[in-house]
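Asker: This structure is in structure tokens; I'll ask about it shortly.
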Amino acid sequence: MAIGDSFTEGLWDSPDGPDAPQRGWADRLAEHLSARRVAAGQSPLQYANLAVRGKLLRPIVRDQLPQALDLGADLVSLVGGGNDLLRIGANPDLLARHLELGVVRAREAGADVLLSTGTDTGTVPLMRSNRARVAVYNTHIWSIARRHGAHVLDLWGMRSLMDWRMWADDRIHLTPEGHERVAQAALVGLGLVPDAADWDDPLIPLPPARPVERWRQDAQWAREHVVPWVDRHVHGRSSGDGRSGKRPELSPIA
């Protein structure tokens, strides 16, 4: 069972944009796990994805986690908090307490748990000031995993994600290649051998962009993505309003 926000829903893992049916790293991970089961002579993996874009951590733990456990999940990927950390006054210590309550509940129900650290935002304009809060939250995630026997997908440590070609136009969500690399990192986080040995190898560097071109790209990004996000936030709206999980019931991976 995959629960969370847009990262787990898989935004931008589609050539037709974020409003088309999405795939994403969690779906890709399920496909890899299912293929291994079938190759070993077992039935295909049963999988569901309840993640909804824009969700904060508390609704993920309060609403999505019980649904996942009611369906009898053996493994739950519980990834959230990124949207919370973007808000003014976000408290990573409080977020960690909410996250740990969810992990404890899942572990008491007999499910394994896959958590994820946040990515390093040190090179992202307008978001690098959030780096310290993400780092504190990440530290809590590793501690929670140690205390309760959870697994960790280490996004912060992925070298390949430092390349902008792994990120979609909004600079927050991944491209299809980025999603696939994260799926490989999730296999590693689960203690499994990745399907691709070069899963975290950096891309061949591009020539540096001219300052005027970087300014133009930054201005376009702010106009097309930052301004709409701020407008939704000011008016109390979310990109996930009216949406539900894309794969709400357990079903076998084709």
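The values are calculated or read from the model by the stated rules, or taken from the named source; none is laboratory data. The structure presented is a predicted model; accordingly, all values stated were derived computationally and were not measured. Glycine also receives a Cβ, built like all others from the backbone with ideal geometry; neighbour counts cover every protein chain displayed.
Yes or no, residue by residue, for (1) outside any strand (DSSP E or B); (2) over 27 Å from Val136 (Cα atoms):
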| site | (1), (2) |
| --- | --- |
| Leu11 | yes, no |
| Ala30 | yes, yes |
| Arg53 | yes, no |
| Arg58 | yes, no |
| Leu78 | no, no |
| Leu95 | yes, no |
| Glu100 | yes, no |
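Every residue, every condition in (1) of a type in the set (D, E, K, R); (2) under 30 Å from Gly89 (Cβ atoms); (3) surrounded by fewer than 17 Cβ atoms within 10 Å (Cβ to Cβ), yes or no:
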position: Asp120; (1), (2), (3): yes, yes, no
position: Thr123; (1), (2), (3): no, yes, yes
position: Ala145; (1), (2), (3): no, yes, no
position: Gln184; (1), (2), (3): no, no, no
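Asker: Does Thr175 qualify as being in contact (Cβ under 8 Å) with a residue 60 or more places away in the chain, surrounded by fewer than 20 Cβ atoms within 10 Å (Cβ to Cβ) and either under 30 Å from Ile204 (Cα atoms) or in contact with a Lys or Arg (Cβ under 9 Å, 6 or more places away or on another chain) (or both)?
Answerer: Criteria met by Thr175.
Asker: Of all residues in the range 154-169, count the ones that are out of contact with any Leu (no Cβ under 8 Å at 6 or more places or on another chain) and under 10 Å from Trp12 (Cα atoms).
Answerer: The qualifying residues number 1.
Asker: Being assigned to a helix (DSSP H, G or I), surrounded by 12 or more Cβ atoms within 10 Å (Cβ to Cβ) and free of Cβ contacts under 8 Å to residues at least 12 places away in the same chain is the filter here; which residues of the range 189-214 pass it?
Answerer: Arg214
One line per residue, one yes/no per condition, for (1) within 16 Å of the chain's Cα centre (by Cα); (2) buried (at least 16 other Cβ atoms within 10 Å of the Cβ); (3) free of Cβ contacts under 8 Å to residues at least 12 places away in the same chain; (4) farther than 29 Å from Ile88 by Cβ:
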{"position": "Glu108", "(1), (2), (3), (4)": "no, no, yes, yes"}
{"position": "Thr139", "(1), (2), (3), (4)": "no, no, yes, no"}
{"position": "Gly157", "(1), (2), (3), (4)": "yes, no, no, no"}
{"position": "Trp164", "(1), (2), (3), (4)": "no, no, yes, no"}
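Asker: Would a scan of the range 151-167 turn up a residue that is acidic (Asp, Glu) and under 25 Å from Ala39 (Cβ atoms)?
Answerer: Looking for residues that are acidic (Asp, Glu) and under 25 Å from Ala39 (Cβ atoms), one finds none in the range 151-167, hence no.
Asker: Would you be able to tell me the number of residues in the range 23-48 that are within 15 Å of the chain's Cα centre (by Cα) and either buried (at least 24 other Cβ atoms within 10 Å of the Cβ) or hydrophobic (A, V, I, L, M, F, W, C) (or both)?
Answerer: 5
Asker: Which condition number in (1) at pLDDT below 95; (2) part of a helix (DSSP H, G or I) is the one that Asn138 fails?
Answerer: (1)
Asker: Name the residues in the range 160-210 that are touching a Phe, Trp or Tyr at 6+ places or on another chain (Cβ under 7 Å) and either within 18 Å of Thr117 (Cα to Cα) or polar (S, T, N, Q) (or both), would you?
Answerer: Passing the criteria: Arg171, His173, Leu174, Thr175, Gly178, His179, Arg181, Val182, Ala183, Gln184, Ala185, Ala186.
Asker: Of the residues Ser43, Ser34, which single one is touching a strand residue (DSSP E or B) at 6+ places or on another chain (Cβ under 9 Å), part of a helix (DSSP H, G or I), hydroxyl-bearing (Ser, Thr, Tyr) and modelled with pLDDT of 95 or more?
Answerer: Just one listed residue meets the conditions, Ser34.
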